[in-house]
Amino acid sequence: MSKIEHEVSSGNVFADIGMAEPVESLAKAELARKVGSIIKHRHLNQAEAAKLLGIDQPKVSRLLRGQLKEFSMTKLLDFMLRLDRDIEIRIKKHRSRRVPPRIEVLAC
């Protein structure tokens, strides 16, 4: 039986595929996923979500499909505030030499 070749993930798919700014891309994806989760939990349609977020419905559609190029980290954080979420930012010293520093989104 032949061995299957594989690569071990770095833990960041955006870094693994060679995207520019992989740390920010992963954080944005996690924030967008959480926004989508809140919208789903509240049973909002895209038009209702658009009104709440202060954007138009086509942008909500792109957000929910993970097309995040037009959304900055600041805008995604603003969406969290509009969805009645508090935001805490904690900065700590990076301890590992094996993995690069990261931005981590923790949601309750």
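What to note about this one:
- Residue satisfying all of: in the stretch 1-52; among the β-branched types (V, I, T) and open to solvent by 80 Å² or more (accessible area, probe 1.4 Å); modelled with the lowest pLDDT among these: V8
- Boolean, I55 is crowded, with 16+ Cβ neighbours inside 10 Å and more than 15 Å from C108 (Cα to Cα): yes
- For the stretch 70-86, filtering for residues that are loosely packed, with under 10 Cβ neighbours inside 10 Å and either in a loop (DSSP other than H, G, I, E, B) or touching a residue at least 24 places away in the same chain (Cβ under 8 Å) (or both) leaves 2.
- Output for the stretch 29-69, where each listed residue is within 13 Å of the chain's Cα centre (by Cα), in a loop (DSSP other than H, G, I, E, B) and not small (G, A, S): R65, Q67, L68, K69
- Unique match (being among the β-branched types (V, I, T) and under 17 Å from R85 (Cβ atoms)) among V23, V35, V13, V8: V35
The values are calculated or read from the model by the stated rules, or taken from the named source; none is laboratory data. None of these values were measured; they are calculated from a predicted model. Cβ atoms come from the backbone with ideal geometry, glycine included; neighbour counts cover every protein chain shown. Please note that ligands, DNA and RNA were not included when accessible areas were found on the heavy atoms of the full protein model with its side chains. Shrake-Rupley method; radii C 1.70, N 1.55, O 1.52, S 1.80 Å.
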